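The values are calculated or read from the model by the stated rules, or taken from the named source; none is laboratory data. Keep in mind that what you see is a predicted model, and the values were worked out from it rather than measured. Neighbour counts are summed over all protein chains in view; Cβ atoms, including those assigned to glycine, are modelled from backbone coordinates with ideal geometry.
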Amino acid sequence: MTTKKPNQIKSIVNWVIPVLFYILILTIKMPFSVTSYFRYYSASLFFLLLILYYFAFRLPGNLGWLAGYSLTMILFALPLSYMWSSGFSDNGILGGLLPYKDGYYYYNGARLLSIGHLLPDYVVQAADRPLFPSFLSSIFFLTKQNFQWTLAILVGIVGSTSFFSAWFVGKKLGVLATSLFATFQFIYIQPLIGYSLTELLGFAFGCLSFVILWKASETHKIRILILGIFTLMVGVSARAGAFFIFPILVLWAGWAFRGQNKFSFRLAGITLLTVIAAFLLANTIYPRLVVEPGNQTFGSFSYMLYGQVEGGSGWHSAIKDLQTRDPEVVLRATAQNFLAHPTSLLIGIAKSYRDFFTLGEPGIFSFDRSRGSSALNILLWLTSLVSIIWGGVVLIKERALSTSSLWLACFIGIFLSIPFLPPVDGGKRFYASTMPFFFILPTIAISAIFSKMQHLIKDNNSDRHVQNTTVVLIILTMITPLFILNMSTSPTIPEITCPINQEPFAVEVHSGIYIDLVKNNKMNSCGYAPEICLTDFEANGIEKNIDDFYSELVAQAHSSDSTIRVFPANEMVNDRLVFFLGTTNQLQSNRNSPLVTGCATEIEIQTQNRPHIFKIESSSRDFTTQ
């Protein structure tokens, strides 16, 4: 009993302190001039992370875990703090908090599930990839619909799973190798921190499956192999990614688990059945439970094929050329174009491989996001490419080992998937769920080159944390949302009468899903989400010259005599997704009574395919005061 209690205390401390550091960074409102250093890639940041991780992981036992985990949570908190303090806006986020475009649909999809609605076709990406909005609905339930807290939990999960995978690498390959691996992982996911996008959940599942499959290759336990395959499938389905990794893993399992035989058809069969069952569950059965009939998951895949057949022109070319978003029409046109010009597909494939390995965007390595190509960034890029080749050579030489053959198989699966995930369509983010399987190659090369400098991390108890975390995440993604969907009910909408030229609306206003644009004369009351200084909002909008939607928000804030509140919502009178502008009194959040009704006027936006903006003329709270 006396030895158990100190061990339990150490275990609690190892988990609680990193989380407390994470919460502290998000609470103290650090100046964004400081946190911006950790929001954007730079060569100096790359080497700083490498050094910090090396000295953290060098500490013995629990101290190494505590230092490494704390460092990781601080690093993941800093970019999120930057977003919330800077009012940063681009084509995916507004004011550093509000989901915009793709994230806007995922958020509203999660909100619809939270009030008992199946996902309709007007939530677009949410219906196309329902696992992520389902996961968000579970976190909404825990945070009482607070989006800002939900986002913090999501980023915290991603940081934790990234650390788990790096820690496991350190146990097998040593401190220097795991420091490089952890640095690669953070630099890759860094630009996505703060966005409500599928890549974050896919990356988390990818990190977990990475550890589980590694463990399966060492222990040859079938149940661990099945869990690893299922976890990876959930990740790749949450963020459509390198699906060709699965047939290669089937072949690998038959070879690695062969025993005294040349090939185990039994294990290959079990793995194949697991892949098929997991795919059907995640991409056919589950969507039918949460998505309205008639919607097609992964319908955007047809757009990608069209672009590839057109010589790598990108998925937008299908919509531009055919003037439709119907996947069946796009697929028919793709087949016709391929038969007419088959060589164009080869050109598209060649462009995909070129773009994948190129320097900067949209290449897989995150070096050189700054302006221009510095000599140091070019050197880092070339070194990374060489280390991939070196790591591949090491794996080929050691292919008799189950673990080496696993990483070789995974890399082949990712490599074969590149033509079907062309970087021109979305850069490196498509590979989020399989990035740990990619970064292990340069890590292995470093481990082999500096074998005498490696110091293995000694720990025998962390593996169970990965499996427990995996089970919890799967429950939150695929089981809890079904209970939420079936137990929740939509609010009753009262009859609303509006003057001519005004439209009735009904929305639920919750904490953490709006921003207040505060004018300069109230600088002391702004500077951290949801209270954003208008000067920061205007200065840190990188697409302000091309986005009419953003420009209109700035203009409305300047013309208003008071602070305006910007609020994205599913408007329940007409079942549509819109943004509302109003005063803080008109759009107050109330946990016990979140429904707000009233009348609003639409603000015209010149550019097409932008969300609709409605300015609130009167709300239920106004009516009660009249």
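The table for this structure:
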item: Matching entry among Thr271, Thr284 (being at pLDDT below 95 and β-branched (Val, Ile, Thr)); result: Thr284
item: Test result for Phe263, assigned by TED's automatic domain parsing to the domain that holds Ala409, crowded, with 22+ Cβ neighbours inside 10 Å, modelled with pLDDT under 95 and farther than 21 Å from Leu473 by Cα; result: no
item: Any hit, the stretch 544-555, residues being among the small types (Gly, Ala, Ser), surrounded by 20 or more Cβ atoms within 10 Å (Cβ to Cβ) and at negative phi; result: no
item: Filtered residues of the stretch 311-332 (kept if crowded, with 19+ Cβ neighbours inside 10 Å and among the aliphatic types (A, V, I, L, M)); result: Ala318, Val330
item: Residues of the stretch 135-164 that turn out to be farther than 17 Å from Ile193 by Cβ and either among the basic types (Lys, Arg) or assigned to a helix (DSSP H, G or I) (or both), as a count; result: 8
item: So Ser36, is it in contact (Cβ under 8 Å) with a residue 12 or more places away in the chain and either touching a Cys at 6+ places or on another chain (Cβ under 6 Å) or over 21 Å from Thr383 (Cα atoms) (or both); result: yes
item: Pro31, sole failed condition from (1) farther than 30 Å from Glu552 by Cα; (2) in contact (Cβ under 8 Å) with a residue 40 or more places away in the chain; result: (1)
item: Filter result (outside any helix (DSSP H, G or I) and modelled with pLDDT under 90) within the stretch 93-134; result: Lys101, Val124
item: Restricting the stretch 586-624 to residues that are at pLDDT below 90 and closer than 16 Å to Ala557 by Cα, the residue that is farthest from the chain's Cα centre (by Cα); result: Glu604
item: Condition met for Ala318 (modelled with pLDDT of 85 or more and either in contact with a His (Cβ under 6 Å, 6 or more places away or on another chain) or of a type in the set (Gly, Ala, Ser) (or both)); result: no
item: Members of the stretch 384-396 found to be more than 9 Å from Pro442 (Cα to Cα) and surrounded by 15 or more Cβ atoms within 10 Å (Cβ to Cβ), listed by number; result: Val394, Leu395
item: Residue satisfying all of: in the stretch 397-439; among the charged types (D, E, K, R) and under 16 Å from Gly363 (Cα atoms); surrounded by the most Cβ atoms within 10 Å (Cβ to Cβ) among these; result: Arg429
item: Residue check, Ser462 surrounded by 15 or more Cβ atoms within 10 Å (Cβ to Cβ), modelled with pLDDT under 95 and of a type in the set (S, T, N, Q); result: yes
item: Qualifying residue in the stretch 175-188 (condition: in the same structural domain as Trp84 (by TED's automatic domain parsing), without any contact (Cβ under 8 Å) to a residue 24 or more places away in the chain and either farther than 24 Å from Tyr37 by Cβ or part of a loop (DSSP other than H, G, I, E, B) (or both)); result: no
item: Any hit, the stretch 352-371, residues being of a type outside the set (Phe, Trp, Tyr), in contact with a helix residue (DSSP H, G or I) (Cβ under 7 Å, 6 or more places away or on another chain), part of a helix (DSSP H, G or I) and under 30 Å from Ile444 (Cα atoms); result: yes
item: Total residues in the stretch 130-169, condition small (Gly, Ala, Ser) and more than 30 Å from Tyr54 (Cα to Cα); result: 3
item: Test: residue in the stretch 592-602 that is exposed (fewer than 13 other Cβ atoms within 10 Å of the Cβ) and either acidic (Asp, Glu) or part of a loop (DSSP other than H, G, I, E, B) (or both); result: yes
item: Selection within the stretch 278-291 - of a type outside the set (Ser, Thr, Tyr) and surrounded by 15 or more Cβ atoms within 10 Å (Cβ to Cβ); result: Ala278, Phe279, Leu281, Ala282, Asn283, Pro287, Val290, Val291
item: Lys172 being under 28 Å from Leu48 (Cα atoms), in contact (Cβ under 8 Å) with a residue 40 or more places away in the chain, in a helix (DSSP H, G or I) and charged (D, E, K, R); result: yes
item: Test: Asn520 is loosely packed, with under 12 Cβ neighbours inside 10 Å and either closer than 29 Å to Leu97 by Cα or assigned by TED's automatic domain parsing to the domain that holds Ala126 (or both); result: yes
item: Selection within the stretch 224-273 - out of contact with any helix residue (DSSP H, G or I) (no Cβ under 6 Å at 6 or more places or on another chain) and basic (Lys, Arg); result: Arg258, Lys262, Arg266
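For every residue, the table says whether it meets (1) in the same structural domain as Ala539 (by TED's automatic domain parsing); (2) crowded, with 16+ Cβ neighbours inside 10 Å; (3) within 19 Å of Gly159 (Cβ to Cβ); (4) touching a Pro at 6+ places or on another chain (Cβ under 8 Å).
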position	(1), (2), (3), (4)
Leu45	no, yes, yes, no
Leu48	no, no, yes, no
Tyr54	no, yes, yes, no
Arg58	no, yes, no, no
Tyr69	no, yes, yes, yes
